[in-house]
Amino acid sequence: MGEYPLIEVDLGKLERNARAIVDRCAALGIGVTGVIKGCSGLPECAAAMARGGCAHIASSRLDELAGARAHGVDLPTMMIRIPMPSEAADTVRLADISLNSELSTLALLDGEARKQGRRHGILLMAELGDLREGIWDRGEFLETAVAVERGFGGLDLLGIGTNLGCYGSIAPTAEKMEALAELAGLVEGELGRKLEMVSGGASTAFPRVMDRDMPGAINNLRIGENILIGRDLADLWGYDMGFLHNDVFVLKAEIIEAKTKPSHPIGEIMFDAFRNRPTYEDRGLRKRALAAVGKADYAWADHLLPLEEGIQLLGASSDHTILDVEDARRDLRPGDVVEFGLCYGPAVLLTHSPGVRIVFKGSPVA
């Protein structure tokens, strides 16, 4: 494999991002679970999150948790996709905690925990309207909580949680967090004890920390994007996130063609390789450059951000990124390298692409 394309990961900036999030959450009595699925579970990133003060390391994939452990990260691990019944044994073996909503899966986890001589922690997930995972019916939720507490000797009901914003785009408002806190109170009443963890969601719930209106019962957030990328709350929600580095991950790609061409395709426009019928702006003859990386590596061309002034990203095919470089400060030629900032989606895919090298920089923070 050649030198490019590559992802450069600044571990020092990643650790500082983790510390900045952890400190702001700690001021409200909230612990942070560092989520590594946004970088395909790179264990070096898990270690940086650990150094930054995260209380757990989490992923939706067990192999990523295994990689963190093998790298020497000794924090408790959390499986944040509801386990498949077929992976119950591996879930108990590789994850200290898992998110759950199905009683039948909980029974399998209990059996495996007993067989392996381990205790397995459970966060019971509540459906608050985003319509991904979680129990919607309150009666069923309380019955399931009691069943885990009193009927499964291999499981520990650590607490409850929810997810908002990832599928249904439902905002984790203060009202939604109050609903979760109220449900936690009902569970505690049924069990006759305090829950160890009430997990209010992911990076999308961090505005409640920023606005300081998180209910006191919420004591955990599962944070990935804020630590890894640090763009969404600024770009989409309008929050001042200047205390975070948004260049932890930088894509570097090599130019393979640079020529002056028409800016509008010539001929009958039909569909592109991804079943889209694009539209184009006719700006006359413009210098264009092709970079040797494409949608097969990152999927969403509009989520790549050219870092060099005067370069405009026009689009992409499977293996090419098309750039307008007419106004670039450099006379770009084949062999030159251009850099891009990343949003969350491309970061997930690029760090998983076998055709993209990963290079680490930045010293751990003392």
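The values are calculated or read from the model by the stated rules, or taken from the named source; none is laboratory data. What you see is a predicted model; the values in this text were computed from it and never measured. In this analysis, Cβ positions are derived from the backbone assuming ideal geometry, glycine residues included, and neighbour counts consider all displayed protein chains.
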**OP:** Return a yes/no flag: does region 325-344 have any residue that is more than 26 Å from the chain's Cα centre (by Cα) and among the small types (G, A, S).
**Re:** yes
**OP:** Return yes or no: is F249 of a type outside the set (A, V, I, L, M), under 21 Å from G53 (Cα atoms) and surrounded by fewer than 18 Cβ atoms within 10 Å (Cβ to Cβ)?
**Re:** no
Original post:
Quick one: would you say L164 is more than 20 Å from I30 (Cβ to Cβ), of a type in the set (A, V, I, L, M), surrounded by 14 or more Cβ atoms within 10 Å (Cβ to Cβ) and in the same structural domain as A68 (by TED's automatic domain parsing)?
Top reply: no
Subject >> Residue ID - surrounded by the fewest Cβ atoms within 10 Å (Cβ to Cβ), chosen from residues in region 258-292 that are hydrophobic (A, V, I, L, M, F, W, C) and not in a loop (DSSP other than H, G, I, E, B) >> reply: L285
Original post:
Can you name the condition, by its number, that N100 falls short on among (1) out of contact with any Cys (no Cβ under 6 Å at 6 or more places or on another chain); (2) within 23 Å of L228 (Cβ to Cβ); (3) crowded, with 23+ Cβ neighbours inside 10 Å?
Top reply: (2)
Original post:
Quick one: which of A50, A89, A58, A70 is touching a Leu at 6+ places or on another chain (Cβ under 6 Å), among the small types (G, A, S) and on the phi < 0 side of the Ramachandran plot?
Top reply: A50
**OP:** May I ask you to list pairs of residues, at least six apart or on different chains, whose Cβ atoms are under 7 Å apart, with the first in region 233-257 being in contact (Cβ under 8 Å) with a residue 60 or more places away in the chain and closer than 21 Å to K13 by Cβ and the second being in a loop (DSSP other than H, G, I, E, B) and of a type in the set (F, W, Y)?
**Re:** K252/Y4; A253/Y4
Original post:
Going through region 95-119 one residue at a time, which ones are assigned to a loop (DSSP other than H, G, I, E, B) and closer than 27 Å to I218 by Cβ?
Top reply: A95, D96, S101, E102, R119
**OP:** Return the total of residues in region 58-76 being free of Cβ contacts under 8 Å to residues at least 24 places away in the same chain and closer than 19 Å to S203 by Cβ.
**Re:** 1
Original post:
Of everything in region 306-319 that's buried (at least 18 other Cβ atoms within 10 Å of the Cβ) and over 16 Å from T279 (Cβ atoms), which residue is farthest from the chain's Cα centre (by Cα)?
Top reply: I311
Original post:
Within region 100-114, is there a residue that is without any contact (Cβ under 8 Å) to a residue 60 or more places away in the chain and on the phi > 0 side of the Ramachandran plot?
Top reply: no
Subject >> Complete set of residues in region 293-302 that are in a loop (DSSP other than H, G, I, E, B) and farther than 21 Å from F271 by Cβ >> reply: V293
Original post:
Within region 135-146, is there a residue that is in the same structural domain as G34 (by TED's automatic domain parsing), under 26 Å from the mean Cα position of the chain (by Cα) and not polar (S, T, N, Q)?
Top reply: yes
Subject >> Scope region 170-207; condition surrounded by fewer than 24 Cβ atoms within 10 Å (Cβ to Cβ) and at positive phi; matching residues >> reply: G192
Original post:
What about I36, is it touching a residue at least 40 places away in the same chain (Cβ under 8 Å) and over 19 Å from G362 (Cβ atoms)?
Top reply: no
Original post:
Among A50, A20, which is out of contact with any Phe, Trp or Tyr (no Cβ under 7 Å at 6 or more places or on another chain), over 29 Å from T144 (Cβ atoms) and not polar (S, T, N, Q)?
Top reply: A50
**OP:** Would you be able to tell me the number of residues in region 217-265 that are under 15 Å from T204 (Cβ atoms) and within 14 Å of the chain's Cα centre (by Cα)?
**Re:** 13
**OP:** Go over the candidates A217, A258, A273 one by one and state the one that is assigned by TED's automatic domain parsing to the domain that holds S318 and modelled with pLDDT of 95 or more.
**Re:** A258
